[in-house]
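Here's the structure we're looking at; comments come further down.
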Amino acid sequence: MALIRDVARRLMDSPKPLLLLDTCELINIVQSLKEKRKWLETAVDILGKLTLNPDSFEIVISELVRIEWQQNAPAKKKDLDNYIESLDSQIARMHEAWSHLRKPLPFKPAEYGKLALSDHVMSLVNNLMDQAAEISFDDDCKNKAFSRVIGKKQPSGSGQFKDALLVEHYLRLSNLLKVEGYPYRRIFVTSNVKDFSLRGDDKSKDRNDILHPDLQLEFNSCDLEYFVDLRVAFENLIRYPDLPKS
């Protein structure tokens, strides 16, 4: 963990494309099986890319992200364990049904709960955070976050301070990098479309990736991009790592 200026200085010494993550992207990984989404596969691919080519890009998180993850992790792990237990129960009932029909299946029912999948998933998320450059709390960002909350500007239209603090951290970092002529893209990823997107209350997915006007000017001014899907952001960043020339 380091001050924003120190993180910016280190990145300028060894520049690379950046993925700046919201806490919900980490929570999504744990919920991947239950929600039938590919968040887990994306996390594995991201770690694999970092292992094979550490200079291809870098993850950035705020200190707030780690704290929120630690607060939410036990409940999310329990949810995953309960989901796996439910799957095991359904599989066992399927075997019982075949047995009642006098056509027992020639193999025992799987017991996935015994394999401690949730432990491995939690380890994956922790590894992802440990690979990241972590920004420590910053007083100027806190003050700006309070101003955003008081002004009811997104992502704090309903008074959320944590979202405001997170975005101020990332805006500050991106501004520092832009001043120094940072040559690579910075992409902020959050699935929290309710607070960050123009049409967060709209079920139409083709509008959820448009940044809210309260944030658009600030993001544009420091070349910070907005994505709502981690897979799309990751693949886009790897394919087009350079900041477009203006």
**Asked** Do we find that L171 is touching a residue at least 12 places away in the same chain (Cβ under 8 Å), under 14 Å from Q216 (Cα atoms) and assigned to a helix (DSSP H, G or I) in this structure?
**Response** yes
**Asked** Based on what the data block shows, is Q70 under 30 Å from K108 (Cβ atoms), out of contact with any strand residue (DSSP E or B) (no Cβ under 9 Å at 6 or more places or on another chain) and surrounded by fewer than 20 Cβ atoms within 10 Å (Cβ to Cβ)?
**Response** no
**Asked** From the list S204, S158, S197, which residue is crowded, with 20+ Cβ neighbours inside 10 Å, over 22 Å from V44 (Cβ atoms) and at pLDDT below 95?
**Response** S197
**Item:** Unique residue being at pLDDT below 95, over 15 Å from the mean Cα position of the chain (by Cα) and within 30 Å of H169 (Cβ to Cβ) when the list is K77, K38, K34, K103
**Value:** K34
**Prompt:** Looking at segment 177-190, is at least one residue of a type in the set (S, T, N, Q) and either over 25 Å from L50 (Cα atoms) or part of a helix (DSSP H, G or I) (or both)?
**Reply:** no
**Verdict on K245 being more than 18 Å from I61 (Cβ to Cβ), in contact (Cβ under 8 Å) with a residue 60 or more places away in the chain and of a type in the set (K, R)** = no
**Prompt:** Given the conditions (1) over 21 Å from L243 (Cα atoms); (2) modelled with pLDDT of 95 or more; (3) of a type in the set (A, V, I, L, M), which single one is not true for L115?
**Reply:** (2)
**Prompt:** Counting only residues that are small (G, A, S) and in contact with a Lys or Arg (Cβ under 6 Å, 6 or more places away or on another chain), how many does segment 106-138 have?
**Reply:** 1
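The values are calculated or read from the model by the stated rules, or taken from the named source; none is laboratory data. Keep in mind that this is a model prediction, so the values were computed, not measured. Glycine also receives a Cβ, built like all others from the backbone with ideal geometry; neighbour counts cover every protein chain displayed.
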